[in-house]
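Worksheet: the structure to be examined is printed underneath.
The values are calculated or read from the model by the stated rules, or taken from the named source; none is laboratory data. Model, not experiment: these values are computed from the prediction. Backbone-built Cβ (ideal geometry, glycine too); neighbour counts: all protein chains shown. All accessible areas refer to the heavy atoms of the entire protein, side chains included, with ligands and DNA or RNA removed. Shrake-Rupley method; radii C 1.70, N 1.55, O 1.52, S 1.80 Å.
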Amino acid sequence: MTSHPRPPRFRPVRTATALALTLLLAASAGCGTEAAPDARAAGPSGSAAPAPDRTELEARAAALQTVAEHVWVTEAPGFALARQSVGVLGDDGFGSAYTAPDGGRIQLSVERRPHAAADCTDAAGPATTCERDGEQWYRASESGHAYAREQDGLVVTLSGTRQEVNRETLRAAALAAHRADDRELDEVLPPLGGSSGQQPVERGDLPPVGDGAPNNDVEASG
């Protein structure tokens with residue numbers, strides 16, 4: 001099978017008019033402006049600041065009950081990391097969500113799972129589509145779809161509903177997904193002790209009512 005080079009990551013592009021307006025507002029306020037933390041996409045930083053301490057990053061990952069090597073990030077046009085979504089998945093996996101202003105959502109998950117979890121051998125029912133797409137598997141049901149691939153003993157999945165994200169965008173996010181480098185870890189991982197006001201990570205699979213047992217219902221990404 002011919003492997004394809006990883007495509008360049010997507011970065012938001014400002015028009016000249018939008019950039020000029022931003023500079024004008026910043027000047028009138030007497031200081032620079034910065035997007036809210038939840039609105040910034042996780043990605044390589046262009047800052048000249050020194051790289052964060054690796055020991056601290058590993059401690060922050062451990063506080064999240066995962067390991068730094070299981071933290072992955074991605075990029076997709078119009079989507080940005082929702083930092084309050086960052087959390088552990090399973091025993092030591094990692095999960096996060098990327099959201100768009102129009103309500104779109106892409107779920108990223110990194111788990112230790114059996115080989116079959118990333119292929120079509122457990123596809124359920126005639127309504128499920130499952131096919132190889134490059135180095136990944138694409139699975140879809142009537143409501144949800146996902147791209148999954150195996151790497152270094154992990155299954156990395158990008159998923160969403162058909163209403164919230166189309167296949168082209170989901171595929172772009174899957175191709176751009178990669179293990180976070182130190183600067184990206186610093187952007188994604190909550191600070192130790194929540195010193196910056198980070199709210200506790202909430203489990204996305206816990207129902208709001210009942211005995212609090214995890215909701216194991218899955219769509220195409222299961």
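Hey, does the stretch 147-168 have a residue that's surrounded by 14 or more Cβ atoms within 10 Å (Cβ to Cβ), in a helix (DSSP H, G or I), modelled with pLDDT of 60 or more and not hydrophobic (A, V, I, L, M, F, W, C)? Before you say what the answer is, go through the steps one by one.
Let us first name the residues in the stretch 147-168 that are surrounded by 14 or more Cβ atoms within 10 Å (Cβ to Cβ), namely 147-151, 154-162, 164-165, 167.
Restricting the remaining residues to those that are in a helix (DSSP H, G or I) gives 167.
Adding the requirement that they be modelled with pLDDT of 60 or more leaves 167.
Narrowing further to those that are not hydrophobic (A, V, I, L, M, F, W, C): 167.
So far as the stretch 147-168 goes, yes, one or more of its residues are surrounded by 14 or more Cβ atoms within 10 Å (Cβ to Cβ), in a helix (DSSP H, G or I), modelled with pLDDT of 60 or more and not hydrophobic (A, V, I, L, M, F, W, C).
Suppose we filter the stretch 59-96 for residues that are of a type in the set (S, T, N, Q) and not in a loop (DSSP other than H, G, I, E, B); how many remain?
Step one: filter the stretch 59-96 for residues of a type in the set (S, T, N, Q), giving 65-66, 74, 84-85, 96.
Next, from what is left, pick out any that are not in a loop (DSSP other than H, G, I, E, B): 84-85, 96.
Total meeting the criteria: 3.
Among the residues of the stretch 169-188, which ones are assigned to a loop (DSSP other than H, G, I, E, B) and open to solvent by 30 Å² or more (accessible area, probe 1.4 Å)?
Applying the first criterion (assigned to a loop (DSSP other than H, G, I, E, B)) to the stretch 169-188 yields 177, 180-181.
Hit for the stretch 169-188 is ASP181, nothing else.
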- [ ] Just give me the residues in the stretch 182-202 being of a type in the set (A, V, I, L, M) and modelled with pLDDT of 60 or more, in sequence order.
- [x] LEU185, VAL188, LEU189, LEU192
Task: Answer from GLU75, GLU135, GLU69 - the residue that is among the charged types (D, E, K, R) and more than 17 Å from GLU184 (Cα to Cα) - done: GLU135
- [ ] Examine the stretch 114-129 for a residue that is at pLDDT 95 or above, open to solvent by less than 50 Å² (accessible area, probe 1.4 Å) and under 18 Å from ARG179 (Cβ atoms), and state whether such a residue exists.
- [x] no
